[in-house]
Structure formats: structure tokens, C-alpha cells
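The values are calculated or read from the model by the stated rules, or taken from the named source; none is laboratory data. From a predicted model like this one, the values you see are computed outputs, not experimental measurements. A quick note on method: Cβ atoms are made from the backbone with ideal geometry, for glycine too, and the neighbour counts reach across all protein chains shown. We work out accessible area using only protein heavy atoms, side chains counted, and drop any ligands, DNA or RNA first. Shrake-Rupley method; radii C 1.70, N 1.55, O 1.52, S 1.80 Å.
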Amino acid sequence: MKQFEANFDGLVGPTHNYAGLSTGNVASQSNASNASSPKQAAKQGLQKMKALHDLGMVQGVLAPQERPDLYALRRLGFTGSDKDVLEKAAKQAPEILRACCSASSMWTANAATVSPSGDTLDGKIHFTPANLTNKFHRSLEPEITGNILKAIFADEKHFAHHQHLPDNEHFGDEGAANHTRLCAGYGEQGVELFVYGRYAFKKGMPEPQKYPARHTYEACEAVARLHGLNPNKVVYIQQNPDVIDQGVFHNDVISVGNQNALFYHEQAFLNTDAVLAEIQQKFGDSPLHFIKVSTDDVSVEEAVKTYLFNTQIITKPSGEMAIIAPMECKESDAVSSYLDRLVTLDTPIKQVHYFDVKQSMQNGGGPACLRLRVAMNEAEYNAVNQRALMSDALFADLNQWVDKHYRDVLTEDDLRDPQLVTESRQALDELTQIMNLGSVYTFQK
Ligand code: SUG
């Protein structure tokens, strides 16, 4: 049976904006309050999805969430009609209103952790939505994320869905952004790498000083347990706290893996030699490529600025690997010359494709943040909601849908506009029909 990896990209929502919500995420901080373009953002995302589909990849789409989140605002004590709630929040707590308007669910690398059937005890694909407790605006996502995942991966014969971990910083979980899977072939049992920034229960362990470590060791262990993974095929890796303090808020900003290649910056991990030895031992005898980028070639600062490691490494139908990189990598002398050299080295990576995802990059979301990987076989593929899979028809429908519902420009002041609620609900209601999702949003219940 054929085995492959599908990428499910987040469709950018109609309220995409720059609110400076993510301390420790340099781009989010430095673009705070800039005007955004939801329409351009959604189209940039769709272009990337279509391009990967055209390269012969299986490309999926995940629906965005309803924002502004009026339920959260009401829960926080803002009362009256929708218009009143927005007005009061804008006056009394503009920062809370901004957080409740974020389109952050577009970064589906944070939607969930996914373990393919080759790795799990019951032979199903397991999904655990990430609780995203470290940032209030992101902590609003997991429940609806779970609904969307269940609507797309509905068949219980193949897919198992877990509730997100308890909503508490002790179990801070950022999902697949801190999870990589190495394998000889997508359908074979792989080694799952879980990366964490700190320990919640063990005292006196290393942790960053300036910026938050969003993801805990205890969260990693809990997800591995839930998914029924074999402990001999799991490696827990602590992120280097120094790089978190330099703006590496997720591991996918400093390392990325695909099949038998691990591409990483030399400063990415703590105890790197021991980590690599454990990976090698658990991976077994088949060839494994550790592709290390030295600080001399690319500094951590340049990696954070260009998102060299927030690239997708994909295996094309030809078997060759390609890197899907943001345009910012091409614009950097250090990074583009590194990538030019990389494709000539003795590694499986042979091509680089650059994409303009600037609207997302300005909030700290590169190509890899925008996608959730689901390795699957043909039977599992057939069980997926087919209207969530990119095709020429879906691409046309979604572009038309964006043109109809999305604004060209959005500023902070627009977030208090009750019309934005109406527009967003109409758009999402129509989207659930386009994608055959049923009722996944609270306003549809
Ligand atoms: O969680 N940015 C997101 C970016 C997520 C990137 N994902 C991965 N690395 N996988 C975050 O920090 C910024 C929103 C704002 O400031 O308006 C934001 O949420």
C-alpha cells in the first residue's frame, strides 16, 4: 500500500491582524499594530497549498476559527449585545479584545500532535489538540480545533482523537511545532522526537531566563502515553534555553526533520551529542542524515529572522527531498548561500522552492508553522473528508470564497466593528458547506 505524508495547512481567518500578542516571538512583537491584509494572507496561504499539490504532494486544508471570540469576552464579564460586548471590551480592555480577535489558528503546526498508525499501539492515527496555555489568545483554540479535526478525520476505524491536555502551564503543549518524526518510510514505525523547553514538576532544571518556555516535558510524556507509542521509539529532547531567550519560541524555528533527515542548528538542543546518539540507536541501522548548520554559517539571529528552519522538508513523488522556504531566506545572503550549498552536499535534500508568506511571517509564522503533517496510507487517505483535500476545484472555490468575504486591510480599530462578526460568521458558515464539515463552530450549534 502507498504511504505518504500529507500537509494540512491552516486557512487564514478573516480577522488576521498584528496585535503583538506573543512575547518571545520577535516578529509578533516588532509588527504589533501594523495594518494587515487578511485577503492577501489567505491567498498567500492558498498559493503555497496549491503549489505543493501541483508538486504531487497530498495537501489538505484546515478551517480557521471564529473570531472575534465573543464567548470568551462574555466569559470575562463583557455583557449586552454583540455590539455592546465589542464596544465595552475596546474601551475597557483593548488588549483583551485584540487577543480575542487573533487569527492564530492559521498556524496549524500548533493545532495538534499527530502520531501515524505505524507508531501507535492500536494502529490508528492519533490526534491530540494542543492546549496552547502559554498565550491567552492561543488557549482559545483547542476545543474548536478538536471539532475541526474530528470533522476531517471522522472514521473511528482509522482515527483516534484525544481531548487536549489539562489547561494549565504544567502541561503546556504547543503541538507538532515541537514534534518531529524520523522514519525510513512514512508507513514504517518511526522515531518520534518530542521537544520541550522546561520541566514543570522537577525543580532546579535548566530553563530560559528572558522568554517563556511554552512546552513542558510532562506534556510530551502525556501525549506519548495517550498515543500508545513504544518508549523505545520516542526521544525526549530539551531545547537549549539560550536559544529560547533569542526568540526561538518553538523548536520548529531551529530544527526540522523528514524521513531520514534531521536538519538542525548546532545550538538547537541541550546535550546534543547524547540526543543524537539516542536518536541513532532508536532509529536502527538504516541510513540517517544529521544535517547540522553551524553558527558560523548562519547565526541564531539570522535563523530567527529568515526562518531557515521553519521550512518544510518534503519528499516529492520522485523520492527527492525539497525544502519549502519563505522568501526571507532568499533575501538573506548568509541563508541563501547556505541553501545553494546544501543542495550540492551529500544529503537527500536536492531542491529549494521559495514562497511569499509575508503576511504570516510578520506574526512569526513561516511555511512550517502553517502546516500540520499527517503521515498516512491509502486506506487512511480514502477515509479523510475529501473536501478537505486540495484540488483544482477546491482551490478555485476557496479563492472565490476569500474574494467574497475577506477585507483587503484590517487595522486595530476595525476589531471593534460588529460587522466583522457578521462577515466572519457568514464566511465560516459558507466554508463549512464548501468543505463538508457539518457544524463545527459554536455559532452553528
Ligand atoms: O504562537 N504568533 C504565533 C506564531 C506561531 C508559529 N508557529 C510555529 N512556530 N509553529 C505564536 O506566537 C502572533 C499573533 C499576534 O501577535 O497578533 C502569534 O500568535
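Side notes on the structure shown:
- Residue with peak Gaussian network fluctuation, the chain [Cα springs, cutoff 10 Å], from Pro241, Pro116, Pro348: Pro348
- Using alpha-carbon coordinates, inclination of helix 38-54 to the longest axis of the chain, degrees: 40
- Other-chain or far-sequence residues with amide H under 5 Å of His265's (modelled H): Val293
- Checking every one of the GluC sites (Glu not before Pro) in region 272-346 against DSSP loop status and a limit of 13 other Cβ atoms within 10 Å picks out Glu320.
- Net lengthening on full extension, Val343/Phe201 (0.36 nm per residue, minus Cα-Cα): 46.8 nm
- Whether region 1-48 is rounded, prolate or oblate, judged on the alpha carbon gyration tensor where a/c under 1.5 counts as rounded: oblate
- Solvent-accessible surface of the chain, averaged per residue with a 1.4 angstrom probe and all protein chains in place: 37 square angstrom.
- Rounded if a/c under 1.5, otherwise prolate or oblate - region 29-127, Cα gyration tensor axes: oblate
- Helix 217-226 and the long axis of the chain differ in direction by around 90°, with both axes built from C-alpha atoms.
- Ellipticity at 222 nm from helices only: DSSP H runs of n ≥ 4 in the chain, each -39500 (n - 2.57), divided by the residue count, give -9500 deg cm²/dmol.
- For the chain, built as a Gaussian network whose Cα springs stay under 10 Å, the top-fluctuating residue of Ser139, Ser255, Ser104: Ser139
- Cα centroid separation - region 198-229 against region 377-421, whole Å: 34
- In this structure, the amide hydrogen of Ala32, modeled 1.01 Å from its nitrogen in the peptide plane, lies closer than 5 angstrom to those of Gly20, counting only residues at least 5 positions away or on a different chain.
- Listed by chain and number, the aspartates and glutamates whose C-alpha is less than 17 Å from the C-alpha of Lys50, apart from same-chain residues fewer than 8 away, are Glu5, Asp9, Asp356, Asp392, Asp397, Asp403.
- Interchain or long-range residues, amide H under 5 Å from Phe355's placed H: Ala325, Met327
- The spacing between region 86-115 and region 339-375, judged by their C-alpha centroids, is 26 Å.
- Fraction of accessible area attributable to carbon and sulfur, the chain (%, probe 1.4 Å): 47
- Checked against a 29 Å cut-off, the cross-linked pairs Lys404/Lys445; Lys43/Lys330; Lys39/Lys157; Lys233/Lys316; Lys2/Lys305 give Cα-Cα distances beyond that limit for Lys39/Lys157; Lys2/Lys305.
- Whole-Hz Karplus values for region 371-386 come out as 9, 10, 8, 9, 6, 8, 9, 5, 5, 5, 4, 5, 8, 6, 4, 5 Hz, taken residue by residue from phi with 6.51 cos²θ - 1.76 cosθ + 1.60 and θ = phi - 60°; glycine and proline positions read x.
- Across the chain, the relative contact order, built from alpha-carbon pairs under 8 Å that are at least six residues apart, equals 24 percent.
- GNM remark for the chain: springs join alpha carbons under 10 Å apart, and the peak mean-square fluctuation among Gln238, Gln312, Gln92 falls on Gln92.
- The overall shape of region 186-304 is oblate: from the C-alpha gyration tensor, with semi-axes ordered a ≥ b ≥ c, the ratio a/c is 1.5 or greater and a/b is no larger than b/c.
- Working from label points 7 Å from Cα in the Cα-to-Cβ sense, the Tyr236 to Lys2 distance is 3.9 nm.
- Taking the C-alpha atoms only, the angle from helix 142-152 to the longest principal axis of the chain is near 70 degrees.
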